[in-house]
Amino acid sequence: MPETHGDGPDLPPPAPRQRFDRAQVVAALLLALLGFATVVQLRSNSDDGAYAGARRGDLVQLLDSLDTANQRAQSQILELESTRRELLDSSTQTQAALEEARREADTLAILSGAVGATGPGVRITVEDPTGQVGASVMLNVIEELRDAGAEAMEINDQVRVVAQTFFADDGEGITADGIQVSPPYVIDAIGDAPTLSVATTFPGGLEDIVATVNGTVEVEMPEEVEVTALSVRRDPDYARPAD
Amino acid sequence: MIAAVGLLAGLLLGLVLQPSVPLALQPYLPIAVVAALDATFGALRAYLDGIFDDKVFVISFVSNVVIAALIVYLGDQLGVGNQLSTGVVVVLGIRIFSNVAAIRRHVLHA
């Protein structure tokens, strides 16, 4: 009852003021609620992460799409890993093939006399004071040494003996591959030294033949024989590699 | 006058207390705020028209908020919460626009 102490004449009329008051108070309360809720909502929207206000359906969908992306990435990883393995394998194979080819090239280079060679072997010195050791004798020696397994040979550090090497007699000595070599003939041969030495000293062999013309043959077996002469380069005119 | 003070007090209270929204209320609070805004603009328009009634304002405010939240809740239960809340926001937005247009005509006579 507001009239209980409404004793002053200067007070405004109580009844309308009270009605007005209540209306305003209620409206103010509601508006306060609105303001409060608005601020709270704004704050929660800006504070929380992007997914705080999201609905369950949206979240499930999001999760699903993440799962799918994850699976896709996983399968991509597997694919790339297998590709990497394949590449590694193939590069290892290439490496092996390369090494094989290099070994082959080395072997062929030694056989063809394109590079120098070194290794155990024999050094055969043929003294020929009468000049009667000819091309045929030399060819025999070379053939015997080949039979004994000589892998690289040279004469007088001048001529590399390879498959195409030819010998011819000329006035003062021998021509090998068109290069004149004169006595004493020093033949360097790389191979199994005892076997090579036997190839020159067997009965009826080089020693005996040279002895008939008053020459001497001396065989040394150094630990390291160096064959430094290179063969004449011969490019084939007709032969081509067959497939 | 008191209404403006109340609005300000509510804003300040929210700023000072900085409460977090309960998880259960999270989907409904934004819709409720929009509905309350609609009711408030409607009340302002009625006040300018000279037909403001506090009872009508209170009832419309409360029922607006409750119905909006209820619709969204129903939508969530039916699995169309997203679409229904969008619909509610659109409808309330249109109403807010027309109310604000009426207020503008009153205030600016344009």
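By the compact-protein rule of thumb, 2.2 N^0.38 Å, the alpha-carbon radius of gyration of the range A:58-150 corresponds to a ratio of 2.66. Across the residues of B:11-23, average count of Cβ atoms on other protein chains within 10 Å? Mean shielding by partner chains, rounded to a whole number: 5. Of the chymotrypsin sites (Phe, Trp or Tyr not before Pro) found in the range A:148-229, those that fall in a DSSP loop while having at most 10 other beta-carbon atoms within 10 Å are A:Phe166.
Against the longest principal axis of chain B, how steep is helix B:54-78, in degrees 0 to 90 to the nearest 10, with axes from Cα atoms? Roughly 20 degrees between the two axes. Once the Cβ-Cβ distance of A:Leu59 and B:Ala110 is raised to the sixth power relative to R0 = 51 Å, the FRET efficiency obtained is 0.65.
Computed over the Cα atoms of chain A, what is the ratio Rg over Rh, Rh following Kirkwood? In chain A, Rg relative to Rh is 1.93.
Please sort by residue number the GluC sites (Glu not before Pro) in the range A:191-243 whose DSSP state is loop and whose Cβ has at most 13 other Cβ atoms within 10 Å.
Working: sites: A:Glu207, A:Glu218, A:Glu220, A:Glu223, A:Glu224, A:Glu226; in loops: A:Glu223, A:Glu224.
Hits after loop and neighbour filter: A:Glu223, A:Glu224.
Taking label positions 7 Å along the Cα-Cβ direction at both B:Val90 and B:Val16, the computed distance is 4.2 nm, reported to one decimal. Comparing A:Glu86, A:Glu127, A:Glu151 in a Gaussian network model of chain A where C-alpha atoms under 10 Å apart are linked, the largest mean-square fluctuation is found at A:Glu86.
Sum -39500 (n - 2.57) across every DSSP H segment of at least 4 residues in the protein assembly as shown, then divide by the residue count to get the 222 nm mean residue ellipticity, nearest 500. Before the final figure, lay out the partial values.
Numbers: 9 runs with 210 residues, N = 353.
Result for the protein assembly as shown, helices only: -21000 deg cm²/dmol.
Taking label positions 7 Å along the Cα-Cβ direction at both A:Glu86 and A:Thr118, the computed distance is 4.7 nm, reported to one decimal.
Principal-axis analysis of the Cα atoms of chain B puts helix B:81-108 at an angle of about 10° to the longest axis.
If a spin label sat at a point 7 angstrom from the Cα of B:Leu23 along the line to its beta carbon, the backbone N atoms of the range A:58-91 nearer than 20 Å would be those of A:58-64. Across the range A:181-187, rounded Karplus estimates of 3J(HN,Hα) from the backbone phi angles (6.51 cos²θ - 1.76 cosθ + 1.60, θ = phi - 60°) give 10, 10, x, x, 8, 10, 9 Hz, Gly and Pro being marked x.
Note down the relative contact order for chain B as a percent, whole number, built from C-alpha pairs under 8 angstrom at least six residues apart. Working shown, then result.
Numbers: 74 pairs, mean separation 33.7, N = 110.
Taking the mean separation of contacting Cα pairs over the length of chain B, I get 31 percent.
Legend: Rg and Dmax of the range B:22-108, from Cα coordinates, 14.2, 45 Å.
Express in nm, to one decimal, how much length is gained between A:Leu98 and A:Ser46 on full extension, taking 0.36 nm for each residue of separation and deducting their alpha carbon distance.
Numbers: separation 52, 0.36 × 52 = 18.72 nm, distance 6.46 nm.
Extra length available between A:Leu98 and A:Ser46 comes to 12.3 nm.
The angle separating the long axis of helix B:2-17 from the principal Cα axis of greatest extent in chain B is about 30 degrees.
Every number here is computed from the coordinates shown, using simple stated rules; none is lab data. Predicted model, so just to flag it, every value in this text is computed and none were measured. Positions of Cβ are generated from backbone atoms using ideal geometry, with glycine treated the same way; all protein chains shown enter the neighbour counts.
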